[in-house]
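Let me begin by presenting the structure, written as structure tokens, before commenting on it.
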Amino acid sequence: EAQVTQNPRYLITVTGKKLTVTCSQNMNHEYMSWYRQDPGLGLRQIYYSMNVEVTDKGDVPEGYKVSRKEKRNFPLILESPSPNQTSLYFCASSPSRGRTSTDTQYFGPGTRLTVL
Amino acid sequence: TQLLEQSPQFLSIQEGENLTVYCNSSSVFSSLQWYRQEPGEGPVLLVTVVTGGEVKKLKRLTFQFGDARKDSSLHITAAQPGDTGLYLCAGATDSSYKLIFGSGTRLLVRP
């Protein structure tokens, strides 16, 4: 089954304790992205990756890191989480992000993170 | 900064009623997508519109892209409880690899 998987689905942690949220897709997609969703703010892009070893900042990259060493995986790293990073996080992938900008983005099920 | 404003933010209607959700911007987009998100899940694409004035129909859902490609609407005819969810519009431009999302419209259809 074609899908985007995220782990963990739920995480409660404390300020400053490094964490990684994994994201994996089995559709051989080139483009992957991380979003955070907060009430009243919709989805905001954190980082995106056009392909292996190619990443770029989205609208809200502060406090986050990503890596794209393999095509299928795009982990999100919080080196020192803070309470304002409490949010619902989504990973997404799409076949490409060409100039037509019409690709379907396939979203993972989400990771609900609480930072105390 | 490109922004997409959705209205209304919340909508609670009775089964069988019609409704329209709006997505507006001062910016021009090369394409606009509509997603629906159900609790505990990620958004799922409903439709993509790319041409100014374009109208697409998906069963009881009608999507329209404004002539100037700055706005879009989603009209649902005879809403059903299964239509309940968060509806998100998202715009893309040819000059950026980013997708800009609206803040969403939360729809509740009561039986």
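Observations, loosely collected:
- Only one of the numbered conditions (1) modelled with pLDDT under 95; (2) away from every other protein chain (no Cβ under 11 Å); (3) surrounded by fewer than 18 Cβ atoms within 10 Å (Cβ to Cβ) is not met by B:K56, and that is (1).
- One residue from B:T84, B:T51 being open to solvent by 20 Å² or more (accessible area, probe 1.4 Å) and either modelled with pLDDT of 95 or more or basic (K, R) (or both): B:T84
- The range B:93-105, subset open to solvent by 20 Å² or more (accessible area, probe 1.4 Å) and at the interface with chain A (Cβ under 7 Å from one of its Cβ atoms), residue nearest to A:W34 (Cα to Cα): B:K98
- Residue within the range A:94-108 that is surrounded by fewer than 21 Cβ atoms within 10 Å (Cβ to Cβ), farther than 24 Å from B:E5 by Cα and either among the hydrophobic types (A, V, I, L, M, F, W, C) or touching a helix residue (DSSP H, G or I) at 6+ places or on another chain (Cβ under 6 Å) (or both) present: no
- B:K70 vs. criteria surrounded by fewer than 17 Cβ atoms within 10 Å (Cβ to Cβ), farther than 29 Å from A:C91 by Cβ and basic (K, R): no
- Picking from residues in the range B:32-48 that are facing chain A (nearest Cβ under 9 Å) and of a type in the set (V, I, T), the one that is nearest to A:L43 (Cα to Cα) is B:V44.
- Extreme residue, farthest from B:L32 (Cα to Cα), among residues of the range B:57-71 that are assigned to a loop (DSSP other than H, G, I, E, B) and touching a strand residue (DSSP E or B) at 6+ places or on another chain (Cβ under 9 Å): B:R60
- Picking from residues in the range A:15-43 that are surrounded by fewer than 16 Cβ atoms within 10 Å (Cβ to Cβ) and of a type in the set (D, E, K, R), the one that is nearest to B:L88 (Cα to Cα) is A:D38.
- The C-beta contact set for the range A:31-54 (first residue among the acidic types (D, E), second residue not in a strand (DSSP E or B), distance under 9 angstrom, 6+ apart or interchain) comprises A:D38/A:T86; A:E53/A:S67; A:E53/A:R68; A:E53/A:K69.
- When we screen B:L108, B:L74, B:L86 for residues that are within 12 Å of chain A (Cβ to nearest Cβ) and part of a strand (DSSP E or B), the only hit is B:L86.
The values are calculated or read from the model by the stated rules, or taken from the named source; none is laboratory data. This is a predicted model, so every value here is computed, not measured. Cβ sites come from the backbone with ideal geometry, for glycine too, and all protein chains shown count toward neighbours. Ligands, DNA and RNA are excluded from the accessible area calculation, which covers all protein heavy atoms including side chains. Shrake-Rupley method; radii C 1.70, N 1.55, O 1.52, S 1.80 Å.
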